[in-house]
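The values are calculated or read from the model by the stated rules, or taken from the named source; none is laboratory data. Everything quoted here is computed from the prediction, not taken from an experiment. Heads up, the Cβs are rebuilt from the backbone with ideal geometry, glycines too, and the neighbour counts pull from every protein chain shown. For the accessible areas, the whole protein counts, side chains as well, though only heavy atoms, and no ligand, DNA or RNA atoms are used. Shrake-Rupley method; radii C 1.70, N 1.55, O 1.52, S 1.80 Å.
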Amino acid sequence: MPYVSHQEKDATKKPMYQQLYEAIKTEIENNRLVSGSKLLSIRQMAQEWQVSRNTVEAAYHQLLDEGYVKSKEKSGYYVEDLLADGWAKDVTLEVVKHSARLVNEPDDVVAPARYDFVYGKVDGNVFPLKQWRACMEEAMQFELDRTEAYGEYQGESLLREALVTYVYQARGIRCGVEQIFIGSGTQQLLSLLCQTVFRDKSVVAMEDPGYDQVRHVFHSHEMSVLPIQLDKDGIRLDQLMASKADIAYVTPSHQYPYGMVMSIVRRLQLIAWANETGAYLIEDDYDGEFRYGTKPIPALKALDNNERIIYFGTASKVLLPSLRISYMILPQSLVTQYQEIWKKYLQTAPRVIQYALALFLQKGEWTRHIRRMRNLYAKKHRILLQTLTKTMGEQIEIIGSEAGLHILIRIHTTYTEDELIQRARKQDCQVYSIKQYYQHGGQRKNSETSEYPVLLLGFGAIPIEEITPGIEALYKAWWGSESYTSEPS
């Protein structure tokens, strides 16, 4: 049988169960372990690899969870037929593989860093492949039984019905099916808004720093974007009130990129501003499911009694960015007012993906997966903060650590931001600038910041066992020592 022998084991710091899991997975994907092949017994594989039976069990369970193998009672583990059902399985595998690539990787990076604190990716190793694939197969059969050329312009009813239940239970939002619009990403849905509801609006207030891809959409529709600075509670109300904006785009659950959670007082003030001025608030709840230490707080939209808030949610941070499924919840008045216009725009999200996601929600897989991911990310988050505190201590400040899948660190150093990134890269470690999130480029001094450089560290995709050595590599890069038991020079 074509197994990787113990002499070929990876010499890296990866746990042995992961090395074994990856070796077998590679054999299966390259068709060297063919469908129906029986894996060695746990005892035999432990002897072959000279590891414990627990290590082999962990590797086998990982393969089982991801659908690479199946278990037969009192018989053992057998390789699944990944191509048996054709298109649906091929698509699922390609989605997972493509999602493993870097998001917005710089063109000048020849090879990815070993320790990559990238933001915008999720941990694909725990993607519920078996459960998602089952939903995809059912969705594909449903698709083949349909005769319509296109799906519903607002998105499939089955998915919107499932989302009505979910956003109420998870985010405290009450809405009807007719208020939900599905699309292939936040940018696409926002562009739709600019062509309809906001076509007579001209001034948008945005957090500065803020999400640059959203700013690009507003600029592409020739809208004036006013940068509003931040304080400890989020977007500054005094500057917003002076802006005379028609729209305000905010990320209250976890400001991007600074990470503060908007206080209830600021939320109520923001809603009062919208009610008094007739402006609209756009709430981007891009990773509201992930909050550490306390339960996720209700969305800003849950406080909306006067239909002034448009809510955006996404499946990207929970499942995979490459699925390209986002949704917005409109006030009922906007649904009614623009009913005829909405119908002129065809749906952009593939119907089969929508239907699969609806099934995933209905069967409770979404909730179970969120629970698993929340536990995993909480563990990563804890290890990251503990290691940063232990290694760097007072040499840094940790910013925005209450929620989300990234943090910022302010480094007390004479190095520039670019120098810090370059030095980190020489230690095979990648960290990221936040310059692009400022409207006019470069970091400017907000009321809660200093002149020290600030860098972004994402932890969603980095393997849990790579976090501590990655931070130690950063320490060595920035303070020139392999040991952090003494004070940095």
The residue from T277, T314 that alone is on the phi < 0 side of the Ramachandran plot, in contact with a Gly (Cβ under 9 Å, 6 or more places away or on another chain), β-branched (V, I, T) and open to solvent by 10 Å² or more (accessible area, probe 1.4 Å) is T314
Residue satisfying condition, being at pLDDT below 80 and in contact with an Asp or Glu (Cβ under 8 Å, 6 or more places away or on another chain), within set K445, K476, K435: K445
If S35 satisfies all but one of (1) within 20 Å of S75 (Cα to Cα); (2) modelled with pLDDT under 85; (3) surrounded by 16 or more Cβ atoms within 10 Å (Cβ to Cβ), what's the number of the condition it fails? (3)
In the range 38-80, the residues that are touching a Gly at 6+ places or on another chain (Cβ under 7 Å) and open to solvent by 80 Å² or more (accessible area, probe 1.4 Å): K38
Filter the range 327-357 down to residues that are part of a helix (DSSP H, G or I), touching a residue at least 24 places away in the same chain (Cβ under 8 Å) and among the hydroxyl-bearing types (S, T, Y) and give me whichever is surrounded by the fewest Cβ atoms within 10 Å (Cβ to Cβ). S333
State all residues of the range 160-195 that are open to solvent by 50 Å² or more (accessible area, probe 1.4 Å), over 23 Å from R368 (Cα atoms) and more than 21 Å from the chain's Cα centre (by Cα); if no residue qualifies, say none. E178, Q195
Which of the following residues is charged (D, E, K, R), surrounded by fewer than 19 Cβ atoms within 10 Å (Cβ to Cβ), under 21 Å from Y286 (Cα atoms) and without any contact (Cβ under 8 Å) to a residue 60 or more places away in the chain: R371, R324? R371
(1) at pLDDT below 90; (2) touching a strand residue (DSSP E or B) at 6+ places or on another chain (Cβ under 8 Å); (3) of a type in the set (K, R) all hold for R308 apart from (1)
Is there any pair linking a residue in the range 221-236 that is free of Cβ contacts under 8 Å to residues at least 40 places away in the same chain and among the hydroxyl-bearing types (S, T, Y) to one that is assigned to a loop (DSSP other than H, G, I, E, B) and open to solvent by 40 Å² or more (accessible area, probe 1.4 Å), with Cβ under 8 Å and at least six apart or on different chains, and which? S224/S202
When the range 375-431 is examined, which residues are found to be assigned to a loop (DSSP other than H, G, I, E, B), of a type outside the set (S, T, N, Q) and more than 23 Å from the chain's Cα centre (by Cα)? H412, Y415, D428
Where the second residue is basic (K, R) and the first is touching a residue at least 12 places away in the same chain (Cβ under 8 Å) and lies in the range 413-439, which pairs have Cβ atoms under 6 Å and are six or more apart or on separate chains? Q427/K476; D428/R114
For the structure I just gave you, tell me whether M140 is on the phi < 0 side of the Ramachandran plot and not in a helix (DSSP H, G or I). no
Those residues of the range 197-215 which are hydroxyl-bearing (S, T, Y) and either surrounded by 16 or more Cβ atoms within 10 Å (Cβ to Cβ) or under 21 Å from the mean Cα position of the chain (by Cα) (or both) amount to Y211
Over the range 246-287, the set of residues touching a residue at least 60 places away in the same chain (Cβ under 8 Å) and within 13 Å of G234 (Cβ to Cβ) is S253, H254, Q255, Y256, P257, Y258, G259, M260, V261, D284
Could you list all residues from the range 126-151 that are under 15 Å from V352 (Cα atoms), among the charged types (D, E, K, R) and at pLDDT 85 or above? R133, E137, E138
Considering only residues that are open to solvent by 30 Å² or more (accessible area, probe 1.4 Å) and not β-branched (V, I, T), look in the range 110-120 and name the one that is modelled with the lowest pLDDT. A111
Among the residues that make up the range 286-295, is at least one of them open to solvent by less than 20 Å² (accessible area, probe 1.4 Å), farther than 21 Å from C175 by Cβ and within 14 Å of the chain's Cα centre (by Cα)? yes
